[in-house]
1. If packing is taken as the average number of other Cβ atoms within 10 Å across a peptide's residues, how do B:272-285, A:44-57, A:91-104, B:108-121 rank, most packed first?
2. Please list, in chain and number order, the residues 5+ apart from B:Glu161 or on another chain whose amide H is under 5 Å from its amide H, with Hs placed from the backbone.
3. Could you sort the peptides B:79-88, A:26-35 by per-residue average Cβ neighbour count (10 Å cutoff), highest mean leading?
4. How large is the Kirkwood hydrodynamic radius of chain A, counting all unique pairs of alpha carbons, in Å?
5. Suppose R0 equals 56 Å. What FRET efficiency, 1/(1 + (r/R0)^6) with r the Cβ-Cβ distance, do B:Glu198 and A:Arg118 give to the nearest 0.05?
6. Enumerate the whole-percent occupancy of each 5 Å bin, from 0 to the last occupied one, for all C-alpha pair distances of region B:230-274.
7. Take the solvent-accessible surface of the protein heavy atoms, probe 1.4 Å, and return the percent of it on the protein assembly as shown that carbon and sulfur atoms account for.
8. According to a simple spin-label model (label point 7 Å from Cα along Cα-to-Cβ), what is the distance in nm between A:Ala74 and B:Ala105?
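The values are calculated or read from the model by the stated rules, or taken from the named source; none is laboratory data. Note that the structure is a prediction, hence the values are computed from the model and not measured. Neighbour counts run over all protein chains shown; Cβ positions are idealised from the backbone, glycine included. Surface areas here come from the heavy atoms of the whole protein model, side chains and all, with no ligands, DNA or RNA. Shrake-Rupley method; radii C 1.70, N 1.55, O 1.52, S 1.80 Å.
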Amino acid sequence: MSLTAGVVAVQGDVAEHAAAIERAAAARGREVTVREIRESGLVPDCDLLAMPGGESTTISRLVHSEGIAPEIRAHVEAGKPLLATCAGLIVASSDPNDDRVEELGLLDVGVERNAFGRQRDSFEAPLAVDGLADDDPYPAVFIRAPAIDNVDGGDAAVLASWDGRPVAVKQGPVVGTAFHPELTPDSRIHGLAFFENEAATVPVLEDAQ
Amino acid sequence: MTDETETDLEELRRGTDLVKRGFAQMQKGGVIMDVVNKEQARIAEDAGAVAVMALEAVPADIRKRGGVARMADPADVEEIVSEVSIPVMGKSRIGHTKEAQILEAVGVDMIDESEVLTPADDAYHIDKRDFTAPFVCGARNLGEVLRRIDEGAAMIRTKGEAGTGDVNQAVHHQRTIKGAIRELEGMKHEEREAYAREIEAPAELVHETAEMGRLPVVNFAAGGIATPADAALMMHHECDGIFVGSGIFGAENPPAMAEAIVEATNNWDDPERLAEISKNLGKGMKGDANADLPEEEKMQGRGV
């Protein structure tokens, strides 16, 4: 069956996530329709969901004021997959360490915003990530990126670290990255989050034609 | 656990096109607000701005005051940088490499090489490829857009006519740029080559734009946006996001206006929401109609 994907589109690099989801689906022979989520009422129809990069203060403000926040929580509670990148990760965390961001608490992690510095410190680098389809390093792009803290005691598993600090985690149906898998043509992270995550429920491809 | 020996910290690269353009992509769908001090920066961040533009005076005041308009005092820029958690941008004069380096040194996240300030160089823009910080530049047409990208700009905005509160020129520039891209898409290879010569743009970028059917970098609206409806109009014209200069702190109730423009940018395609958002905001900035502006007072002709 054809899948419905949602990209939370209140602010950020939405088109890039939409294209990455389409690439990941096409590589697995799945059909997908991507919808941009700017208002409430659309998330319940989505099989999978992405929260993009952008500004976490803006995104958190608008997902709450537009009534999308409780729908994202319900999506994850139903075991459906969510990929949250950079600002999306900050919003999905349990503690953004900043009262300007209202978190969703979907991942048992704290984050430090702009942990690697300002834009002049932003960087790209090959990154070893657990659980990808092969062992090649992932071309990770970090833009004013957060780092993940306080994973101890929670259920989040660390998939990748940079300079000793976790930058990718997985907990049940949720995958969070501090970097931007949507900015490169490599769709392995989207594949991992949406199609190779055994803890997430995605409608299967039916054999009947 | 990840085997960390596989990740080599030495392979880190800063200031690449991907990292610079990526920063601009993260601003999409957002509103970037002009601020002149940390109090305004706080209001902007609280209203949901994706970034603030630190400058000495908003364009409407620069227009009124006359004289030479320069980069803001770096101490004021630093104060704004430490006040907010969102990115801070700063304006340098066109061609003023040193102002841009100073802004980079105090930690601004993006430099606006801006026609709102008095140009420092009549013939050349800054060689933006030498910088780690990304640049945004204004443009009125596709030739200007592609010349700026060729110089290293990671983001483009319409010039509009800054400080007027009249959206007319921003619309005109956006229509001109989009119209040229549509025209390009219908051209054969050799026609695009000739077109590149005509608009004085690198042929390579002309072909890239034609094949993508859009600019290779993010394209924001700027210059004269003063109300939530103006912001929605520019999103309707397929801008990726909005710069607001004098429209917020020149309005009667800046926090309400700022918040309304952020919400209108997200809900640009929903007239009923726009109606609600636009209610009871107090007076907008007074402004000056573009049609009444003498040619010598226009900023948009600076730096082509």
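1. Output ranking for B:272-285, A:44-57, A:91-104, B:108-121: A:44-57, B:108-121, A:91-104, B:272-285.
2. Counting only residues 5 or more places away or on other chains, the set is B:Gln169, B:Ala170, B:Gly224.
3. For the peptides B:79-88, A:26-35, the packing ranking is B:79-88, A:26-35.
4. 16.7
5. Efficiency, from the Cβ-Cβ distance: 0.90.
6. For region B:230-274, the binned pair fractions read 5, 24, 31, 22, 14, 3 percent.
7. After summing per-atom areas, the C and S share lands at 44 percent.
8. Output for this residue pair reads 5.6 nm.
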